[in-house]
Amino acid sequence: KKSPLQTIGEEQTQNPYTELLVLKAHHDIVRFLVQLDEYRFASAGDDGIVVVWNAQTGEKLLELNGHTQKITAIITFPSLEVCEEKNQLVLTASADRTVWDCDTGRQVQKVSCFQSTVKCLIVLQRLDVWLSGGNDLCVWNRKLDLLCKTNHLSDTGISALIEIPKNCVVAAVGKELIIFRLVAPAGESLEWDILEIKRLLDHQDNILSLVNVNDLSFVTGSHVGEMIIWNILDWTVQARECNFWDPSPQLDTQQEIKLCQKPNDISIHHFTWDEENVFAAVGRGLYVYNLQMKRVIACQKTAHDSSVLHIAKLPNRQLISCSEDGSVRIWELREKQQLAAEPAPTGFFNMWGFGRVNKQASQPVKKQQENATTYSLELIGDLIGHSSSVEMFLYFEDHGLVTCSADHLIILWKNGERESGLRSLKLFQKLEENGDLYLAV
């Protein structure tokens, strides 16, 4: 039985985003948003255009035209040019690879020597290089000189890249994780090299998400809902569960979540995290996994009507999610009053089995659950404005929330109370300047 979708009334007292600005510049799906600084962001998508916006006013600052095909990745990195104001550069990938100066809109350089589509980009600030992931992994300097590359890895290509310690990167290639080490020039050698160190074969299906959690761990999620937390130093598994959606006689048939779900109902599209928890977008649902307790402490099995594509943690124990259903929702992680007969949420904990070795070992864990504080994800805001899938969003603490969608639009959601206060202050200052403001003595 499908869990009912949680709803909220028109009186959303805890939702600050009561005003919106609709930004129009794109002619196709807008897939990417990237923050440039505290007041600017860039958008990109299937029309091959990059647009730079002012996050406070919604003004279009620059439009960068250069790609003839859809943009598949975008990333920022600082310019090394010594000048009074630091230029912000943006790297975009398509059938070619282009560097833009986002202060002037100048196209810095362009490369068209790729054997495959670039799916992901990563900047390694400490080594002053950046990498592109396609059917192979390439290492470049800031002048777009190719320093070194791997052999052909896979026809499916690299879907995600993260940096880990010891000059290493992790690449998600199909269902495999490949650890590479970068070797910088040293001594008489002037050549860069990239070495394959290890392959991790613990996933049973294609890896959709790969992120660093903290200085100790990184986490991966697959198409069939496998979530694995890894040690960032020795690459061992800290917590995992495989093949959980396949019915097994050892599992309770009365579980909250049926094991016969279609795999696409439990695909893990995105992660976010804070000091205590990893938040996972699993199919249409949201799950909060506590790193110390090694278990799911809260969930919304049907947070949206369709797959959740992007999530982000906000201050004050809040979480934002967006979905293929066109909605953006705000959640709050709240402590629940513990009842003696009410155990902690068990749906995905039973299925993932984090930290569980066998049935006997799980018994003490159950007792701990009954005595521990439990949590819930409560809906506090529902932002309805897009008419199609919301691909991702950016959170600007002072300037609001920016969302992009398959409807070709970008929406800038504003804190209504804050905007009203700014308008009143601006009016007050204008009246004072014009001499129309008199203070009664």
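Annotations for the structure displayed:
- Count of residues meeting criterion [of a type in the set (S, T, N, Q) and part of a loop (DSSP other than H, G, I, E, B)] in segment 36-74: 5
- Scan of segment 4-35 for residues that are open to solvent by 80 Å² or more (accessible area, probe 1.4 Å), closer than 29 Å to Cys299 by Cα and assigned to a loop (DSSP other than H, G, I, E, B), ordered by number: Pro4, Thr7, Glu10, Glu11, Thr13, Gln14
- Qualifying position, being modelled with pLDDT under 95 and open to solvent by 80 Å² or more (accessible area, probe 1.4 Å), among Glu188, Glu226, Glu241: Glu188
- Entry remark, segment 171-185: residues being within 16 Å of Val129 (Cβ to Cβ) and crowded, with 18+ Cβ neighbours inside 10 Å number 3 in total.
- Out of Glu163, Glu191, one residue alone is in a strand (DSSP E or B), more than 25 Å from Ile266 (Cα to Cα), free of Cβ contacts under 8 Å to residues at least 60 places away in the same chain and not aliphatic (A, V, I, L, M). It is Glu163.
- Neighbours by Cβ (under 7 Å, 6+ apart or cross-chain): first from segment 224-248, closer than 21 Å to Val169 by Cα; second buried (at least 21 other Cβ atoms within 10 Å of the Cβ) and modelled with pLDDT under 90: Met227/Trp352; Ala239/Phe354
- Residues of segment 36-65 classified as open to solvent by less than 70 Å² (accessible area, probe 1.4 Å) and under 13 Å from Val90 (Cα atoms), total: 13
- Only one of the numbered conditions (1) more than 26 Å from Ser222 (Cα to Cα); (2) surrounded by fewer than 17 Cβ atoms within 10 Å (Cβ to Cβ) is violated by Arg142, and that is (2).
- Scanning segment 194-223 for residues that are assigned to a loop (DSSP other than H, G, I, E, B), of a type in the set (A, V, I, L, M) and open to solvent by 40 Å² or more (accessible area, probe 1.4 Å) yields Leu201, Leu216.
The rows are residues; the columns are (1) modelled with pLDDT under 50; (2) under 22 Å from the mean Cα position of the chain (by Cα); (3) aliphatic (A, V, I, L, M); (4) open to solvent by less than 60 Å² (accessible area, probe 1.4 Å).
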{"site": "Asn290", "(1), (2), (3), (4)": "no, yes, no, yes"}
{"site": "Val328", "(1), (2), (3), (4)": "no, yes, yes, yes"}
{"site": "Lys336", "(1), (2), (3), (4)": "no, no, no, no"}
{"site": "Phe348", "(1), (2), (3), (4)": "yes, yes, no, yes"}
{"site": "Arg356", "(1), (2), (3), (4)": "yes, no, no, no"}
{"site": "Lys366", "(1), (2), (3), (4)": "yes, no, no, no"}
{"site": "Ala372", "(1), (2), (3), (4)": "no, no, yes, yes"}
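- Beta carbons closer than 6 Å, at least 6 apart along the sequence or on distinct chains, never pair a first residue in segment 26-42 that is more than 17 Å from Gly400 (Cβ to Cβ) with a second that is surrounded by fewer than 17 Cβ atoms within 10 Å (Cβ to Cβ) and among the small types (Gly, Ala, Ser).
The values are calculated or read from the model by the stated rules, or taken from the named source; none is laboratory data. Since the structure is predicted, the reported quantities are computational estimates derived from the model, not experimental observations. For neighbour counting, all protein chains shown are included, and Cβ atoms are generated from backbone atoms with ideal geometry for every residue, glycine included. Accessible surface areas use protein heavy atoms only, side chains included; no ligands, DNA or RNA. Shrake-Rupley method; radii C 1.70, N 1.55, O 1.52, S 1.80 Å.
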